[in-house]
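> I have a structure here, written as structure tokens, and I will follow up with some questions on it.
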Amino acid sequence: MVPEINKLTVRQAVDGIRAGAFSSVELTRAVLAATAKHAALNAYIWLDAADALHQAGAADAARQAGQAGALLGVPLAIKDVLNVAGQPCTCGSKILKGYTSLYDATAIARLRAAGAIFVGRTNMDEFAMGSTTENSAYGPTRNPAAPDHVAGGSSGGSAAAVAGGLALAALGSDTGGSVRQPASFCGCVGLKPSYGRVSRYGLVSYASSLDQIGPLARTVSDAALLLGVMAGRDAMDATTLDKSVPDFAAALQGDLRGMRLGMPREYFVDGMNPEVAAAVKAAIARCQELGAEIVEVSLPHTKYAVATYYILAAAEASANLARFDGVRYGFRAAAGDSPIEMYKKTRAEGFGSEVQRRIILGTYVLSSGYYDAYYLRAQKVRTLIRRDFDAAFTQCDALLTPVTPAPAYRLGETMDDPLHMYLGDIFTVTANLAGICGLSVPCGRTRVGLPVGLQVLGPAFGEEKIIRVGAAFERSGGAVP
Ligand code: GLN
């Protein structure tokens, strides 16, 4: 067997399986061995080796029967917020303990049709609320690059699985940075599609106007491959755009000559970690060497983005999470004297403290008397943020920014200080508020070895542009070791 086939890219794995160099069963065994060896990362919160090998065996049989799906036999890791028929779906929460999915999310169904294998469920901040995966009811995920540091969040388990060789690629969800930020913290690629590019059907909702499913992978090319399989109109999600899906693979070939790339002034601020700033600026200089013209642009409403995001996300979450009442799904607290008592006890015992904080905040900003002052005003600022991007994209094709102001936190560092954690989302929440697409590509490491990511932001439905930039950067050598 080829050594460490679990560390191949998806494209290499597909080629290897097609050429008969190894089977899907062998590849899946290598992945499972890595998950056992690195169990201390706590990347997966559920995994069924026998079921994974069964899926792999079926993929090998399909190949022998002449089938050739784009992902035939490739083991993927799925964030515990996406429904995969027959597998648990807890959203990292105690309240959904024991719940089994009844159907495949559309993104999953499309990957399955392309031949992918679903190894297990990756750890996450409860209901995707957080930036460290420490808000999981199932313990934190550790960063493969530095185990005393967090993997980021909320898709921390998916990022750790990809970076650690515990899956060939993974899916996450990104409401305010949850694909791009953990990818950046762990040193892998993460892509947040434009709002409406990928169906949200079967994704457990956090904030429906911001949520998107996105791939985490070892290369931009793999992320583009997964996106191409998942993207496109879905009758089950009316917010998906009825527009033909471009050939993302073609975008991988382009170079940077003739491209104008913007550096938003507001994304390079005092107080940022100097090593992060230096790595990102070096990456931008590389893009210039590769032929891009770099221009300075301004996104003047950036300073309101975190506040706007945490009002709107909490408001939507407070409505979306009303369905978890102990009646329909998962956990139910020992019944009290009345149904109302049962609801209260179930939600008090079932939800963790960060989720409760968001529900309380969200209910507050939607309540009469505060709606106009908070929710409505935040919606107006959201429009201003979107217009900032509209204006910037008249001056350039894509934007280059840091993903986060600092590298991965130490475990426990932000736990007692939610505001500190919220502020770390400053460079990622804007893309969700504006509905645009974003890519996180590894661009370096700090002296102690913590990965740093470069963020490439593109206009709505401009994924080809960010893929082109990311792939060209990666081809030029990618992260400075
Ligand atoms: N950290 C942000 C939050 O806590 C973003 C999370 C996400 O994208 N799901 O809401």
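> Quick check on my filter: what residues within the range 60-72 are open to solvent by 10 Å² or more (accessible area, probe 1.4 Å) and closer than 15 Å to Leu27 by Cα?
Asp60, Ala61, Arg63, Leu72
> Identify all residues within the range 55-94 that are of a type in the set (A, V, I, L, M, F, W, C), part of a loop (DSSP other than H, G, I, E, B) and at pLDDT 95 or above; write none if there are none.
Ala65, Ala70, Leu71, Leu72, Val74, Val81, Val84, Ala85, Cys89, Cys91
> Show the residue pairs meeting these rules: Cβ distance below 9 Å; 6+ apart or different chains; first residue within the range 165-183 and under 19 Å from Asp15 (Cα atoms); second residue within 15 Å of the ligand (Cβ to nearest atom) and charged (D, E, K, R).
Ala170/Lys79
> Restricting to the range 179-192, count the residues that are open to solvent by 10 Å² or more (accessible area, probe 1.4 Å) and either at pLDDT below 95 or within 12 Å of the ligand (Cβ to nearest atom) (or both).
0
> Within the range 252-272, is there a residue that is open to solvent by 20 Å² or more (accessible area, probe 1.4 Å) and at positive phi?
yes
> Next question. Are there any pairs with C-beta distances below 7 angstrom linking a residue in the range 439-459 that is on the phi < 0 side of the Ramachandran plot to a residue that is assigned to a strand (DSSP E or B) and among the charged types (D, E, K, R), with the two at least 6 apart or on different chains, and if so which?
Note: pairs meeting the criteria are Pro451/Arg445; Val452/Arg445.
> Sticking with this structure for a sec: Take Pro75 and tell me if it is in contact with a Ser or Thr (Cβ under 6 Å, 6 or more places away or on another chain) and surrounded by 23 or more Cβ atoms within 10 Å (Cβ to Cβ).
yes
> Considering only residues of the range 94-144 that are open to solvent by 40 Å² or more (accessible area, probe 1.4 Å) and hydrophobic (A, V, I, L, M, F, W, C), which is nearest to Leu27 (Cα to Cα)?
Result: Ala113.
> Just one of Gly458, Gly462, Gly453, Gly449 is in contact with a Cys (Cβ under 9 Å, 6 or more places away or on another chain), at pLDDT 95 or above and surrounded by fewer than 20 Cβ atoms within 10 Å (Cβ to Cβ); which is it?
The conditions single out Gly462.
> Turning to a different aspect of this structure: For the range 257-275, enumerate the residues that are assigned to a loop (DSSP other than H, G, I, E, B) and in contact with a strand residue (DSSP E or B) (Cβ under 6 Å, 6 or more places away or on another chain).
Within the range 257-275, no residue meets the criteria.
Conditions tested, residue by residue: (1) open to solvent by 10 Å² or more (accessible area, probe 1.4 Å); (2) away from the ligand (no atom under 16 Å from the Cβ).
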residue	(1), (2)
Ala392	no, yes
Ala406	yes, no
Leu419	yes, no
Leu423	yes, no
Phe427	no, no
Val441	no, yes
Gly444	no, yes
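The values are calculated or read from the model by the stated rules, or taken from the named source; none is laboratory data. These figures come from a predicted structure and were not determined experimentally. In this analysis, Cβ positions are derived from the backbone assuming ideal geometry, glycine residues included, and neighbour counts consider all displayed protein chains. Just the protein is used for accessible areas: all its heavy atoms, side chains included, with ligands, DNA and RNA removed. Shrake-Rupley method; radii C 1.70, N 1.55, O 1.52, S 1.80 Å.
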